[in-house]
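Here's the structure, in structure tokens; my notes come after.
The values are calculated or read from the model by the stated rules, or taken from the named source; none is laboratory data. This is a predicted model, so every value here is computed, not measured. Don't worry about glycine lacking a Cβ; one is built from the backbone with ideal geometry, like all the others, and counts go over all protein chains shown. When the accessible area is computed, the model is the full protein with side chains, heavy atoms only, and any ligands, DNA or RNA have been set aside. Shrake-Rupley method; radii C 1.70, N 1.55, O 1.52, S 1.80 Å.
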Amino acid sequence: MKRAILLLALVSTTASADCYMRISTRLTPQMVNSQPVDTQRLVVPDSRGQKCVMRYRIHVGNDWETVEGIGVGATETDACARALDLSRGSMLKEVSPQRVSADSQMVCTDLPDIRVHPVRIGDIVWQSEVDLHSIPTERKMFWYKRTQCRMFVERDSKNANLWLYQGVICQNNTSPNSKWQVIDKY
Amino acid sequence: MAVLLVGCATRPYQPQAMTYSEIERIQLTNADCGRADSFISMMGEQLRLKGYAGKNPEELATEEDRKYNSRAKVVMWSLRIGCNNPNRYK
């Protein structure tokens, strides 16, 4: 009996997926503060070759946004290059009933959900899990111990006090889509 | 030959951390890059003496602790970033 309950629990866990509203928002390069980062791809065969769904994060205004783009091409490389074209991207917003409108589509995905959250020294994170620095000149990358790093800020409101921390994250290795380690926070 | 020390101070030397206002008065210029490593290690020592080393800011008990920790780390990172990335602020 215990085994049956465990199995049921596993089935319900693996079947769940996060759902979002896909909102077609035209993004102009002026609005965007970063290149696409933390990209995740899903490639499936298509009658025209390969279909690539790219999910990535870009910093727009003051926030990281999740964007999804779909591209079709003869090869995986072509399809994914098209999917990463910002002009084809649609922002993904978490599902909330007020946001549903006639031109919205709900999409569900098992890809990992990346969002800004509090971090601790030593944590391994995606770059867009921490906020860009609020001062634009402090957003630039820098080198520290032969790794590429950048500063971040974290807001913490507790007991009616707002704490603003800053910190440093450094890329784990040189591959373009690698994760980052929280080196310091203060 | 045996030397007998009589009447010497017996209290062991206990280094004390700099005060917040002493750390706040530190002004850095490009000329300090030549001794950046010793500055950084001195600031690290202050954090160790205070018991803040390796701690997240949320773990520090008071606002004064967080201010001190933050100010010392700003000095350390200003040297690490500014001295090794000369084109960053151009």
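Working only within region B:47-61, note down all residues that are open to solvent by less than 60 Å² (accessible area, probe 1.4 Å) and either of a type in the set (S, T, Y) or within 13 Å of chain A (Cβ to nearest Cβ) (or both). Steps first, answer last, please.
Just the residues of region B:47-61 that are open to solvent by less than 60 Å² (accessible area, probe 1.4 Å), to begin with: B:47, B:51-53, B:56-58, B:60.
The answer is B:L47, B:Y52, B:A53, B:N56, B:P57, B:E58, B:L60.
Would you check which residues across region A:55-76 are of a type outside the set (G, A, S) and farther than 19 Å from A:V125 by Cα and list them?
Within region A:55-76, the subset of a type outside the set (G, A, S) is A:55-60, A:62-68, A:70, A:72, A:75-76.
Scanning region A:55-76 gives A:V60, A:N62, A:E68, A:I70, A:V72, A:T75, A:E76.
With the requirement that a residue be out of contact with any Phe, Trp or Tyr (no Cβ under 8 Å at 6 or more places or on another chain), aliphatic (A, V, I, L, M) and buried (at least 19 other Cβ atoms within 10 Å of the Cβ), what does region A:27-75 give you?
Passing the criteria: A:V53, A:M54.
Hey, can you tell me all the residues within region B:24-34 that are exposed (fewer than 12 other Cβ atoms within 10 Å of the Cβ) and under 16 Å from the mean Cα position of the chain (by Cα)? Quick ask: steps written out before the conclusion?
Quick first cut of region B:24-34, residues exposed (fewer than 12 other Cβ atoms within 10 Å of the Cβ) only: B:25, B:27, B:29-31, B:34.
B:R25, B:Q27, listed by residue number.
Do you know which residues across region A:148-159 are exposed (fewer than 15 other Cβ atoms within 10 Å of the Cβ), part of a strand (DSSP E or B) and either aromatic (F, W, Y) or more than 11 Å from every other protein chain (Cβ to nearest Cβ) (or both)?
Result: A:R155, A:S157.
Which one of the conditions (1) closer than 26 Å to A:R139 by Cβ; (2) touching a residue at least 12 places away in the same chain (Cβ under 8 Å); (3) open to solvent by 40 Å² or more (accessible area, probe 1.4 Å) does B:N84 fail to meet, given that it meets all the rest?
(2)
For region A:49-89, give me the residue count where each residue is farther than 19 Å from A:V116 by Cα, of a type outside the set (V, I, T) and either under 15 Å from the mean Cα position of the chain (by Cα) or modelled with pLDDT of 90 or more (or both). Walk me through it before giving the result.
In the first step, residues of region A:49-89 are kept if they are farther than 19 Å from A:V116 by Cα; the result is A:49-54, A:69-89.
Still in the list and also of a type outside the set (V, I, T): A:49-52, A:54, A:69, A:71, A:73-74, A:76, A:78-89.
When the remaining residues are screened for being either under 15 Å from the mean Cα position of the chain (by Cα) or modelled with pLDDT of 90 or more (or both), the result is A:49-52, A:54, A:69, A:71, A:73-74, A:76, A:78-84, A:86, A:89.
Of the residues in that region, 19 qualify.
Quick one: what pairs do we get from region A:133-146, first residue facing another protein chain (nearest Cβ under 9 Å) and assigned to a loop (DSSP other than H, G, I, E, B), second surrounded by 12 or more Cβ atoms within 10 Å (Cβ to Cβ) and not β-branched (V, I, T), C-beta under 6 Å, 6+ apart or different chains?
Qualifying pairs under 6 Å: A:K140/B:R88; A:M141/A:Q148; A:M141/A:R150.
Of everything in region B:62-87, what is more than 7 Å from chain A (Cβ to nearest Cβ) and not in a helix (DSSP H, G or I)? Give them in sequence order.
Here is the first cut: in region B:62-87, the ones more than 7 Å from chain A (Cβ to nearest Cβ) are B:62-68, B:71-72, B:74-76, B:78-79, B:82-83, B:86-87.
If the condition is that a residue be more than 7 Å from chain A (Cβ to nearest Cβ) and not in a helix (DSSP H, G or I), then B:T62, B:P86, B:N87 are the ones that fit.
The conditions are (1) in contact with an Asp or Glu (Cβ under 8 Å, 6 or more places away or on another chain); (2) free of Cβ contacts under 8 Å to residues at least 40 places away in the same chain; (3) within 13 Å of chain B (Cβ to nearest Cβ), and A:V119 fails exactly one of them. Which is it?
Going through the list (1) in contact with an Asp or Glu (Cβ under 8 Å, 6 or more places away or on another chain); (2) free of Cβ contacts under 8 Å to residues at least 40 places away in the same chain; (3) within 13 Å of chain B (Cβ to nearest Cβ), A:V119 breaks only (2).
Hey, could you check region A:160-186 for residues that are away from chain B (no Cβ under 12 Å) and farther than 17 Å from A:G122 by Cβ and say which is surrounded by the fewest Cβ atoms within 10 Å (Cβ to Cβ)?
Only one residue fits best here, namely A:A160.
Using the structure shown, decide if B:Y13 is of a type in the set (S, T, Y), farther than 22 Å from A:R155 by Cβ and modelled with pLDDT under 90. Lay out the reasoning, then the answer.
On the way: of a type in the set (S, T, Y): yes; farther than 22 Å from A:R155 by Cβ: yes; modelled with pLDDT under 90: yes.
Against the criterion (of a type in the set (S, T, Y), farther than 22 Å from A:R155 by Cβ and modelled with pLDDT under 90), B:Y13 qualifies.
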